[in-house]
1. Looking at (1) more than 8 Å from chain A (Cβ to nearest Cβ); (2) free of Cβ contacts under 8 Å to residues at least 24 places away in the same chain; (3) within 16 Å of DNA strand C (Cβ to nearest atom); (4) in a helix (DSSP H, G or I), find the lone condition where residue B:7 falls short.
2. Within the stretch B:56-68, how many residues are within 10 Å of chain A (Cβ to nearest Cβ), surrounded by 21 or more Cβ atoms within 10 Å (Cβ to Cβ) and touching a helix residue (DSSP H, G or I) at 6+ places or on another chain (Cβ under 7 Å)?
3. Residue B:315 - would you say it is within 14 Å of chain A (Cβ to nearest Cβ), under 23 Å from residue B:91 (Cα atoms) and out of contact with any helix residue (DSSP H, G or I) (no Cβ under 6 Å at 6 or more places or on another chain)?
4. What about residue B:36, is it closer than 29 Å to residue A:76 by Cβ and out of contact with any strand residue (DSSP E or B) (no Cβ under 6 Å at 6 or more places or on another chain)?
5. Any idea which of (1) within 11 Å of chain A (Cβ to nearest Cβ); (2) in a strand (DSSP E or B) is the one residue B:71 doesn't satisfy?
6. Would you check which residues across the stretch B:99-126 are within 11 Å of another protein chain (Cβ to nearest Cβ), part of a helix (DSSP H, G or I) and buried (at least 19 other Cβ atoms within 10 Å of the Cβ) and list them?
7. From the list A:266, A:285, which residue is touching a helix residue (DSSP H, G or I) at 6+ places or on another chain (Cβ under 9 Å), over 22 Å from residue A:164 (Cβ atoms) and modelled with pLDDT under 95?
DNA sequence: CTGTTAGCGCGTTCAA
DNA sequence: TTGAACGCGCTAACAG
């Protein structure tokens with residue numbers, strides 16, 4: 001073992017081992033039989049020089065990078081951070097590496113991100129699209145780039161995987177109604193996203209099956225972020241007939257709602273009940289402990305990666321759309337005992 | 001705009017635009033003047049074919065990938081997830097992309113990760129090393145691969161950036177002593193890490209400047225994870241002279257301690273005070289609200305990326321070790337009013 | 001102002 | 001059982 005020389009290449013190894021580059025390539029990749037003697041010399045030369053194969057050169061020769069591109073909107077949002085962690089874990093179990101870029105949920109930027117990913121010739125793309133007909137998705141479809149859509153469903157032409165939203169949200173309504181609530185408000189996410197519309201549908205569906213009408217005044221957009229949700233709660237509770245229970249469309253909005261309620265000197269669940277989409281780590285240390293619907297982030301991440309690997313292997317495979325079951329986390333903010 | 005053809009290359013564009021590949025390259029990279037007419041034809045050809053430059057080929061020609069490799073241990077740990085998010089944000093503002101791999105805090109795996117990163121010829125590496133003299137660090141040093149160490153300091157020969165640990169922890173002790181505590185316990189992180197030893201030193205230093213002796217019985221390893229911390233608290237409180245206050249070495253251990261205390265039917269801060277390293281998002285929704293020392297994750301991430309970019313630009317630059325100031329988050333688990 | 005051509009480091013026929 | 005030589009797509013002298 002010695003200080004690595006400037007730049008060791010396969011040719012150097014070949015010379016040192018007194019064989020051809022072909023042989024070096026074959027022993028390194030175990031891609032055809034090589035007799036013991038030359039093979040040993042190659043390995044020795046590799047060890048001696050500290051040679052590390054150049055996979056960039058390999059990529060250009062094989063036109064495959066063994067890389068998966070992950071395009072997420074707002075990695076800092078807990079649900080996506082969570083997804084990211086599980087995706088990375090699953091990718092790690094394959095032969096692929098992960099190239100990570102945040103799209104900032106901006107369609108124009110998202111297109112640039114996807115173009116960059118393609119320029120880098122990733123073998124496949126994992127993406128949570130900004131909107132249904134985003135230019136980025138058109139780009140991916142046109143080039144036939146292996147793609148799996150996560151979290152936000154946009155088209156059955158892609159493989160897609162995310163949480164089941166409708167029934168999950170309806171479950172929250174069921175529960176609140178059973179506890180006695182009749183005026184339930186929904187603070188929904190960013191308009192136009194499938195997650196938002198599906199959760200809103202679930203809200204309506206839930207009310208409907210209890211014979212309750214959805215009061216438009218009680219359905220308000222929280223734009224998926226904390227501040228808007230905070231504002232929404234203030235408006236909701238200033239209504240002539242304020243809601244007695246709140247459902248929030250994601251965890252950031254749940255936080256916003258909690259803080260708004262505190263500002264209004266209202267106690268959960270005594271004054272207002274609360275239940276939200278997305279769970280929290282250490283939810284048991286919150287006061288009150290929040291009743292939520294938890295996404296199966298781990299399964300979503302695993303499934304997404306597996307679907308992508310399969311699609312890369314077989315581009316003709318019929319696409320699948322998977323809606324994974326959520327888990328109802330019954331705690332105390334819903335007000336039952 | 002049409003369906004993209006099988007594989008468009010620069011040669012195709014050249015032919016279509018009736019210029020040489022050189023000219024195509026130059027208009028695309030804006031690397032030398034090209035007259036209006038040919039330039040327009042090139043751009044038209046690019047638009048017509050939907051050509052996307054192959055940066056793998058570019059990399060192999062320029063021997064630079066414009067990629068930064070990020071090697072983190074346990075991405076799922078909150079402090080690292082946090083760092084990751086901020087690092088990605090900063091990388092996004094440069095011309096680099098981010099290749100992400102988890103080392104699982106295992107030295108052997110870490111070496112493989114670093115080798116893989118080098119095989120992919122990343123221009124630089126950001127790493128939170130598993131231990132001081134890890135083989136991976138030797139590998140990086142030997143090849144002269146531009147490297148910035150984050151969070152865990154290992155050697156002044158590298159650029160390094162992380163939070164200031166010693167004084168930060170001492171501050172926690174100061175505070176607890178001022179509130180009247182004399183028997184303070186420290187639940188420390190994984191042995192051998194600089195973060196752990198520095199925080200332990202800070203603990204001792206804090207006691208010392210109040211004329212208090214460090215009782216070995218009250219210094220116990222929580223191995224950086226929740227379960228060990230939980231066990232530690234149980235043992236601590238079973239002592240003949242149990243501590244009246246606890247300091248935890250990171251947020252996971254703080255959670256473990258909180259749960260252990262709940263199991264013991266002890267209330268914070270009435271029965272036992274608690275203060276920990278690492279802050280939590282939405283700490284205001286915890287009960288009790290935790291007094292902590294917050295890492296400047298955003299600054300650490302930004303600084304790390306900036307240091308790395310500078311080192312890539314100038315490998316001869318003298319290395320710098322930066323310890324960034326923490327923020328004391330005074331809330332209520334410390335028991336003062 | 002633009003083109004010819006030689007690499008970059010590796011995989012892979014094709015031949016021997 | 002092994003090697004020579006070409007090609008992957010692009011950049012960069014060098015030449016004109």
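The values are calculated or read from the model by the stated rules, or taken from the named source; none is laboratory data. All of these numbers come straight from a predicted model, not from anything done at the bench. Note that each Cβ is placed from the backbone with ideal geometry, even for glycine, and that neighbours are counted across all protein chains shown.
1. Among (1) more than 8 Å from chain A (Cβ to nearest Cβ); (2) free of Cβ contacts under 8 Å to residues at least 24 places away in the same chain; (3) within 16 Å of DNA strand C (Cβ to nearest atom); (4) in a helix (DSSP H, G or I), the lone unmet condition for residue B:7 is (4).
2. So the answer is 3.
3. Values: within 14 Å of chain A (Cβ to nearest Cβ): yes; under 23 Å from residue B:91 (Cα atoms): yes; out of contact with any helix residue (DSSP H, G or I) (no Cβ under 6 Å at 6 or more places or on another chain): yes.
So residue B:315 fits the description; yes.
4. Numbers: closer than 29 Å to residue A:76 by Cβ: no; out of contact with any strand residue (DSSP E or B) (no Cβ under 6 Å at 6 or more places or on another chain): yes.
So residue B:36 fails the test.
5. Among (1) within 11 Å of chain A (Cβ to nearest Cβ); (2) in a strand (DSSP E or B), residue B:71 violates only (1).
6. B:113, B:114, B:117, B:118
7. Just a single option satisfies the conditions, and that option is A:285.
Per-residue answers, yes or no, for (1) part of a loop (DSSP other than H, G, I, E, B); (2) more than 19 Å from residue B:179 (Cβ to Cβ):
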site	(1), (2)
B:233	no, yes
B:246	no, no
B:261	no, no
B:300	no, yes
B:312	no, yes
B:319	yes, yes
